[in-house]
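The values are calculated or read from the model by the stated rules, or taken from the named source; none is laboratory data. Everything quoted here is computed from the prediction, not taken from an experiment. Counting neighbours? That spans all protein chains shown, and the Cβs are built from the backbone with ideal geometry, glycine included.
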Amino acid sequence: MDALPSGYAARSLTPADLDQVYAVYAADELANAGELSIEREDIDSDWSRPSFDLAADAIAVTHAGAIVAAGEIARHGNRAEAAVHPDHQGRGIGQWLESWLADRAVRQGASSIAQIAPQGSTKDRFLIDSGYALAHTSWVLQLPEGAAIPDRPLPPGYALRTATGDDIAAAYEVVQRAFGEWEGRARESYEDWRATIVDRPGTQPWQLRVITQGGHVVGTAFTILDTWKNGYVQQLAVEREHRGRGLAQILLADAFSGARARGAATSELSTDSRTGALGLYEKVGMVVRQTWVNRRRELTPPR
């Protein structure tokens, strides 16, 4: 691994670095995407996952004592996040971080590593130049202000409610089974899932909703009301055998309605090319606002 430029140093991260790391990630996203979607709570909850070892799985690059770049490896080495503050780009720090992340991923047993970036952005071009190939495409869709998802009645025998008690673990299972149908999607532990969903800082009960049949959870949606008063559906899943009955649309309309009742002016979600759901969301009036790419490169194990 090449050395960092003169005047820069690397060190492990601690929970006390959260605000500095958020500032770097936010500045990098603003430069690449033109707007912010990342929140401090996103990083806080990610760092709270039991499978994540902050001291070993993340790194900071400092200049004059301040953090100017950071990176982390998660999900058994298969997913990476990295950012360099725009004021410190073009000095080889990104390449150094990429080497560190690849080395840490290999040590975790990963055979490949993935990162995401806004399509066509500076970060996207950096990933391509670093040997990353397209894995799948993601779209952020928005329901225009003043619009609403068309209402659909619940089919007979189904009920919609806020998740309580055992509903939470049942919702987790629905999500894992549904998302597990995607190529390359590994099952997430319950503890890791909880850290970024119901235990995410600021989460309130209304955010996790479930549809049941015969007392069993068969569909679920989790919504975040973010800093910018946007209702963002982070997860939406329906059991395979209960699809085709309008349950996903009912959950979506309910999620956006719940966010609007608490001050949301706009509503969003993301989907990707593995799900085949883009047309469904466009059909109910949502429009693509951003396109992101998930890029992956193969790793060479040490000899």
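Residue by residue, here is whether (1) under 20 Å from Trp100 (Cα atoms); (2) under 17 Å from the mean Cα position of the chain (by Cα); (3) part of a loop (DSSP other than H, G, I, E, B) holds:
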{"site": "Asp19", "(1), (2), (3)": "no, no, no"}
{"site": "Asn32", "(1), (2), (3)": "no, yes, no"}
{"site": "Phe52", "(1), (2), (3)": "yes, yes, yes"}
{"site": "Gly71", "(1), (2), (3)": "yes, yes, no"}
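For Leu36, which of the numbered conditions (1) among the hydrophobic types (A, V, I, L, M, F, W, C); (2) surrounded by fewer than 18 Cβ atoms within 10 Å (Cβ to Cβ); (3) closer than 23 Å to Tyr190 by Cα; (4) in contact with a Phe, Trp or Tyr (Cβ under 9 Å, 6 or more places away or on another chain) fails to hold?
Every condition holds for Leu36 apart from (3).
I'm trying to understand the selection: among the residues of the stretch 1-17, which are part of a helix (DSSP H, G or I) and either surrounded by fewer than 17 Cβ atoms within 10 Å (Cβ to Cβ) or at pLDDT below 95 (or both)?
Those that are part of a helix (DSSP H, G or I) and either surrounded by fewer than 17 Cβ atoms within 10 Å (Cβ to Cβ) or at pLDDT below 95 (or both): Pro15, Ala16.
Let me spell it out: the conditions are (1) surrounded by 15 or more Cβ atoms within 10 Å (Cβ to Cβ); (2) assigned to a loop (DSSP other than H, G, I, E, B); (3) modelled with pLDDT under 95, and Arg91 meets all of them except one. Which number is the exception?
Going through (1) surrounded by 15 or more Cβ atoms within 10 Å (Cβ to Cβ); (2) assigned to a loop (DSSP other than H, G, I, E, B); (3) modelled with pLDDT under 95 one by one, Arg91 breaks only (3).
Pick out the one residue from Gly71, Gly94 that is touching a Phe, Trp or Tyr at 6+ places or on another chain (Cβ under 8 Å), of a type in the set (Gly, Ala, Ser) and within 25 Å of Tyr232 (Cβ to Cβ). It would help to see each step written out before you state the result.
Details: Gly94 fails: within 25 Å of Tyr232 (Cβ to Cβ).
Selected residue: Gly71, the only one of Gly71, Gly94 that is touching a Phe, Trp or Tyr at 6+ places or on another chain (Cβ under 8 Å), of a type in the set (Gly, Ala, Ser) and within 25 Å of Tyr232 (Cβ to Cβ).
Could you list, ordered by first residue, the pairs with Cβ atoms under 6 Å in which the first is in the stretch 48-62 and touching a residue at least 40 places away in the same chain (Cβ under 8 Å) and within 23 Å of Ile197 (Cα to Cα) and the second is acidic (Asp, Glu) and assigned to a helix (DSSP H, G or I), at least 6 apart or interchain?
Arg49/Asp192; Pro50/Glu191; Ser51/Asp192
How many residues are touching a helix residue (DSSP H, G or I) at 6+ places or on another chain (Cβ under 9 Å) and surrounded by 15 or more Cβ atoms within 10 Å (Cβ to Cβ) if we restrict to the stretch 174-202?
Of the residues in the stretch 174-202, 11 are touching a helix residue (DSSP H, G or I) at 6+ places or on another chain (Cβ under 9 Å) and surrounded by 15 or more Cβ atoms within 10 Å (Cβ to Cβ).
Ser37: among the hydroxyl-bearing types (Ser, Thr, Tyr), part of a helix (DSSP H, G or I) and either in contact with a helix residue (DSSP H, G or I) (Cβ under 9 Å, 6 or more places away or on another chain) or without any contact (Cβ under 8 Å) to a residue 40 or more places away in the chain (or both), yes or no?
When the stated conditions are applied, Ser37 does not pass them.
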